[in-house]
Amino acid sequence: MSAGHGKDNETPCSEVLDNLYTYIDGELEAGNYDVVREHLDGCSPCLEEYGLEEAVKKLVAKHCGCDPVPLDLRDKVLTRLAQARNEQLAKEAGAEPPNAPA
């Protein structure tokens, strides 16, 4: 059984989500960049998350320009990323996420 959603994917989704912003920024090392790209190519849930995060980042950059990102926005984004990471870790462990509806 693979660690990710893609049928041949060995990289855990939680690891990809941990590196998502660094990947979007183009700041990952070459080998890690390839691992994340390969995972995103074969994992629809992570690819959807990547698309959402990339769109948010571009939207903020477009509308904020050189302005610093408001602290509450940064906190909200970081909180959402932590939630997504925790949900993914719970899925990988076979448990229900902490805030899952009953």
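The values are calculated or read from the model by the stated rules, or taken from the named source; none is laboratory data. If you're wondering where the values come from, they're calculated on a predicted model, not measured in any experiment. Here the Cβ positions follow ideal geometry from the backbone for every residue, glycine too, while neighbour counts run over all protein chains shown. Side chains are part of the model used for accessible areas, which takes the heavy atoms of the whole protein and leaves out ligands, DNA and RNA. Shrake-Rupley method; radii C 1.70, N 1.55, O 1.52, S 1.80 Å.
Quick notes
- Flag if GLU53 is modelled with pLDDT under 75, under 10 Å from the mean Cα position of the chain (by Cα) and open to solvent by less than 90 Å² (accessible area, probe 1.4 Å): yes
- Reported count of residues in the stretch 24-56, each being aromatic (Phe, Trp, Tyr) and farther than 19 Å from GLN83 by Cα, is 1.
- Hits in the stretch 10-21 (condition: free of Cβ contacts under 8 Å to residues at least 60 places away in the same chain and either open to solvent by 50 Å² or more (accessible area, probe 1.4 Å) or among the acidic types (Asp, Glu) (or both)): GLU10, GLU15
- Of all residues in the stretch 25-42 being assigned to a loop (DSSP other than H, G, I, E, B) and open to solvent by less than 80 Å² (accessible area, probe 1.4 Å), the one that is modelled with the highest pLDDT: LEU28
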